[in-house]
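The values are calculated or read from the model by the stated rules, or taken from the named source; none is laboratory data. It should be emphasised that the depicted structure is a prediction, and the values quoted were computed from it without experimental measurement. FYI the Cβ positions are ideal-geometry reconstructions off the backbone, even for glycines, and counts take in every protein chain you see.
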Amino acid sequence: MSLKLEAETGFQAAFGYPATGVWSAPGRANLIGEHTDYNLGFVLPFGIDRRTYAAISLRADKICRVASTIDTQIYQLDLAGQKPTGLDWALYPLGIAWMMREHGQQGFDCFITSDVPVGAGLSSSAALECSVAFGLNELWQAGLERVELARIGQRAENEVVGAPTGIMDQTASLMAQSDSAVLIDCRDLTTTNVKLGLSEKNLVVAVIDTGVAHRHSDGGYRSRRDACELGAKTLGVSSLRELDISDLPRAKVELDDLTFRRVRHVITENQRVLDTVSALALSNLDSLGELMAQSHASMRDDFEISIDELDLAVATAIESGAIGSRMTGGGFGGAAIAIINQDELFTLEKKCKLAFAAKGYKEPRIFAVKPSQGARKES
Ligand code: ADP
Ligand code: MG
């Protein structure tokens, strides 16, 4: 059964009447540019061919109800009542409704299905937020642009769920185009489509999901944000985006060693995103691979957000013939990506499973993802 049909069937079973429509949004993988979004820098993610589907109908009253295949309990919010709290996963979709409430004359029922792996660094959270936001935008005739919906998604995640994440995930899930990555300038949210052209080179993006679940609401992510803020403040700028490589010598003198390394990651990573866009324009795969390697090393050594499983995945991917590999997403678990010839995918899978078993780690899941279109109505 297709996920769209599953969403419609699930809706009917949960609420006892048919859904008006189904809207979907993809998870995302980030090609390069990690922890740069909340520093108002550059990121280069793409939508993946794993999506979250929201079947929705409006109601006559102000009640909003949501259910999902991963938890059939129905959670609800009264749009005329208080800001939602303590509703588990339902805080994501109901947080969206809350943030859009000025447009909501009516409540709604919503049923969620998805094949985006949860907590794997592929942003199942943004896929969920954006599928619901996109659907409500249409049903409520709110007339919001995709960038505005991305902001609403981020605010729901920050202010309702309480995860201090940046704007990358939602922007990617809403703005992505097939066979392309999207360059996002997180200072003004301008986006540029960057053709990847992988399939004509017989290349695929492999995801190596370590199965180690990350949690953004835990301290690691927050403490990285704090270090970046401290670095910017000490160096007298409003955000690290105002700095570039030429500021590193001064930063080394003025910052303590830990803050300096956090800042160096962000400054060099911004440059690597721009260099990656140039490398792609020139089809320079060697340069792309080198930039991904540098990005991973910077996250491991300077920003300290990698874990041994991710380092092992990246090393094994390169041994298996990948042209580039790095951890993707916020870190502390989740997945790595590798750009690899389609024919080597099986070797990569075999080698990774062996390498993980040899270290006594949980068996990783390896699958290819295709750069895919952003949020859309399913007809
Ligand atoms: P990631 O975005 O990397 O997958 P997050 O921790 O940011 O990880 O988001 C995962 C959370 O999003 C889940 O724990 C759950 O609360 C919610 N979520 C994601 N997908 C679904 C879904 N299909 N149904 C219900 N909740 C979901
Ligand atoms: Mg997330």
>> It is to be established whether one or more residues within segment 311-331 are under 16 Å from the mean Cα position of the chain (by Cα), outside any strand (DSSP E or B), outside the structural domain of Ser125 (by TED's automatic domain parsing) and within 19 Å of Phe356 (Cα to Cα).
In response: yes
>> Out of Gly153, Gly135, I need the residue that is of a type in the set (Gly, Ala, Ser), more than 16 Å from ligand 2 (Cβ to nearest atom) and crowded, with 18+ Cβ neighbours inside 10 Å. Which one?
In response: Gly135
> Which of the residues spanning segment 177-213 are outside any loop (DSSP other than H, G, I, E, B) and among the aliphatic types (A, V, I, L, M)?
Replying inline: Ala181, Val182, Leu183, Ile184, Val194, Leu203, Val204, Val205, Ala206, Val207, Ile208
>> Among the residues in segment 78-85, are any within 11 Å of ligand 1 (Cβ to nearest atom) and among the polar types (S, T, N, Q)?
In response: no
>> If I filter segment 181-223 down to residues being within 16 Å of the chain's Cα centre (by Cα) and among the charged types (D, E, K, R), which single residue comes out as nearest to ligand 2 (Cβ to nearest atom)?
In response: Arg215
>> Only one of Leu122, Leu91 is within 16 Å of ligand 2 (Cβ to nearest atom) and part of a loop (DSSP other than H, G, I, E, B). Can you tell me which?
In response: Leu122
> Can you pull out the residues in segment 311-359 that are on the phi > 0 side of the Ramachandran plot and crowded, with 20+ Cβ neighbours inside 10 Å?
Replying inline: Gly329, Gly331, Phe332, Gly333, Gly334
> Under the condition of being part of a helix (DSSP H, G or I) and in contact (Cβ under 8 Å) with a residue 40 or more places away in the chain, which residue from segment 297-310 is nearest to Glu34 (Cα to Cα)?
Replying inline: Met299
> Pick from segment 333-379 the residues that are polar (S, T, N, Q) and touching a residue at least 12 places away in the same chain (Cβ under 8 Å): which of them is nearest to Ile32 (Cα to Cα)?
Replying inline: Ser372
> Do we find that Cys130 is away from ligand 1 (no atom under 11 Å from the Cβ) and within 25 Å of Val277 (Cα to Cα) in this structure?
Replying inline: no
>> Going residue by residue through segment 165-175, is there one that turns out to be under 16 Å from the mean Cα position of the chain (by Cα), assigned to a loop (DSSP other than H, G, I, E, B) and of a type in the set (A, V, I, L, M)?
In response: yes
> within 14 Å of ligand 2 (Cβ to nearest atom), more than 14 Å from the chain's Cα centre (by Cα) and outside the structural domain of Asn284 (by TED's automatic domain parsing): does that describe Val147?
Replying inline: no
> What are the residues in segment 70-87 that are of a type outside the set (Ser, Thr, Tyr) and in contact (Cβ under 8 Å) with a residue 40 or more places away in the chain, if any?
Replying inline: Ile70, Ile74, Lys83, Pro84
> Restricting attention to segment 62-88, and to residues there that are β-branched (Val, Ile, Thr) and either part of a loop (DSSP other than H, G, I, E, B) or in contact with a helix residue (DSSP H, G or I) (Cβ under 8 Å, 6 or more places away or on another chain) (or both), which single residue is nearest to ligand 2 (Cβ to nearest atom)?
Replying inline: Ile70
> Being more than 30 Å from Ile366 (Cβ to Cβ), surrounded by 15 or more Cβ atoms within 10 Å (Cβ to Cβ) and away from ligand 1 (no atom under 16 Å from the Cβ), is that true of even one residue in segment 278-296?
Replying inline: no
> When both residues are 6+ apart or on different chains and their Cβ atoms are under 7 Å apart, which pairs have a first residue that lies in segment 146-168 and is over 20 Å from Ala29 (Cα atoms), and a second that is in a loop (DSSP other than H, G, I, E, B) and more than 15 Å from ligand 1 (Cβ to nearest atom)?
Replying inline: Ile152/Met100; Val160/Lys83
> For segment 224-246, what are the residues that are buried (at least 17 other Cβ atoms within 10 Å of the Cβ) and free of Cβ contacts under 8 Å to residues at least 40 places away in the same chain?
Replying inline: Ala227, Gly231, Leu235, Leu243
>> So if I check each of Thr52, Thr72, which one is out of contact with any Lys or Arg (no Cβ under 8 Å at 6 or more places or on another chain), in the same structural domain as Ser123 (by TED's automatic domain parsing) and modelled with pLDDT under 95?
In response: Thr72
>> Suppose the filter is out of contact with any Pro (no Cβ under 8 Å at 6 or more places or on another chain) and either outside the structural domain of Gly289 (by TED's automatic domain parsing) or over 21 Å from Tyr92 (Cβ atoms) (or both); does Leu203 pass it?
In response: yes
> Does Leu291 qualify as being assigned to a helix (DSSP H, G or I), among the aliphatic types (A, V, I, L, M) and within 20 Å of Ile184 (Cα to Cα)?
Replying inline: yes
